[in-house]
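The values are calculated or read from the model by the stated rules, or taken from the named source; none is laboratory data. Owing to the predicted nature of the structure, the values given are computational and were not obtained by experimental measurement. In this analysis, Cβ positions are derived from the backbone assuming ideal geometry, glycine residues included, and neighbour counts consider all displayed protein chains.
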Amino acid sequence: MSFTEFVNVFKDIALSVAAVTTATVAILGLKSWSKELKGKAEFEVGRALILSTYKLRDELKYARSPWMSGYEFPEDYQLNFINRTPEIEANAYAHVYRNRWRPVAKAVQEFEAQALEGEALWGKSIRDKTNEMKQCARNLQVSIGLFIDDKADGGESFRNDPAFGKSIKSDIWATHDDENQLTIKISNAVQALEDEIRPHLKRS
């Protein structure tokens, strides 16, 4: 083999090695970029989901406050103290809870949007946990409706079934947090989401 041929062979080998090296670096770089992008997406989705969880938790707490000030009721309710009929009572509490529910509904809507983002990344495990949180909101909404129905019925529904009435009132009024079943469910749902999401927040 002449010197010229040797140089050509060496050059071909060098070019091949360079091409392989370039391809390897590109693949490794792409994998690193893909991993970084996935980690960033998980962080952003996780952060948005946990914040919307806290927002929903807080709005549920405000809606369930057992203390009601006079300004929450309609003006004619305050003026009609003596002649309050079941219909007036029901309409008055419907007014109160309609206003209290608006921020909850908005928080639920935001939470559902973030929950879908989370499900797209993490699948069934996160969906099951976000469903638990949404179920807490649905439970409260149903209990509010039943409470207002009882007012419209002059209190007969709860008088006929005191245990049921007590259960409904414990849903709409967040008293005795260590024993209140809905409060415990909300707390457990939040904790489950925190446990699922926080590992993703550490990858930023």
Exception for ASP150 within (1) closer than 13 Å to ALA63 by Cα; (2) assigned to a helix (DSSP H, G or I) falls at (1)
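Mind checking which residues of region 52-69 are aromatic (Phe, Trp, Tyr) and in contact (Cβ under 8 Å) with a residue 40 or more places away in the chain? Show your work before the answer.
Taking region 52-69 and keeping what is aromatic (Phe, Trp, Tyr), we get 54, 62, 67.
Passing the criteria: TYR54, TYR62.
Counting only residues that are among the basic types (Lys, Arg) and exposed (fewer than 14 other Cβ atoms within 10 Å of the Cβ), which one in region 78-126 is farthest from SER65 (Cα to Cα)? So that I can check it myself, show each step before the final result.
Kept after step one, since they are among the basic types (Lys, Arg), are these residues of region 78-126: 84, 98, 100, 102, 106, 124.
Subset that is exposed (fewer than 14 other Cβ atoms within 10 Å of the Cβ): 84, 98, 102, 106, 124.
Working: ARG84: 23, ARG98: 14, ARG102: 15, LYS106: 18, LYS124: 33 Å.
Only one residue tops the list, namely LYS124.
If you take the residues of region 78-113 that are of a type in the set (Asp, Glu) and touching a residue at least 60 places away in the same chain (Cβ under 8 Å), which of them is nearest to ILE172 (Cα to Cα)? Reasoning before the result, please.
Just the residues of region 78-113 that are of a type in the set (Asp, Glu), to begin with: 87, 89, 110, 112.
Filter once more, so that each one left must be touching a residue at least 60 places away in the same chain (Cβ under 8 Å): 87, 89.
Details: GLU87: 20, GLU89: 16 Å.
Checking each candidate, the answer is GLU89.
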Of those in region 143-154 that are touching a helix residue (DSSP H, G or I) at 6+ places or on another chain (Cβ under 8 Å) and either free of Cβ contacts under 8 Å to residues at least 12 places away in the same chain or among the aliphatic types (A, V, I, L, M) (or both), the residue nearest to ALA107 (Cα to Cα) is ILE144
Given the conditions (1) assigned to a loop (DSSP other than H, G, I, E, B); (2) buried (at least 16 other Cβ atoms within 10 Å of the Cβ); (3) polar (S, T, N, Q), every one holds for THR130 apart from (1)
Those residues of region 166-186 that are within 13 Å of ILE144 (Cα to Cα), in contact with an Asp or Glu (Cβ under 9 Å, 6 or more places away or on another chain) and not in a helix (DSSP H, G or I) come to a total of 0
Expected single match for closer than 19 Å to GLU44 by Cα and in contact (Cβ under 8 Å) with a residue 24 or more places away in the chain among LEU182, LEU193, LEU116 is LEU193
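Applying the selection to region 92-125, what residues are farther than 22 Å from ALA189 by Cβ and touching a Phe, Trp or Tyr at 6+ places or on another chain (Cβ under 8 Å)? So that I can check it myself, show each step before the final result.
Going residue by residue through region 92-125, those that are farther than 22 Å from ALA189 by Cβ are 92-96, 98-99.
If the condition is that a residue be farther than 22 Å from ALA189 by Cβ and touching a Phe, Trp or Tyr at 6+ places or on another chain (Cβ under 8 Å), then ALA92, TYR93, HIS95, VAL96 are the ones that fit.
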Within region 38-73, residues among the basic types (Lys, Arg), part of a helix (DSSP H, G or I) and at pLDDT 95 or above come out as LYS55, ARG57, LYS61
Taking region 158-187 and keeping only residues that are crowded, with 16+ Cβ neighbours inside 10 Å and farther than 20 Å from ARG98 by Cβ, one is left with PHE158, GLY165, SER170, ASN180, THR183, LYS185, ILE186
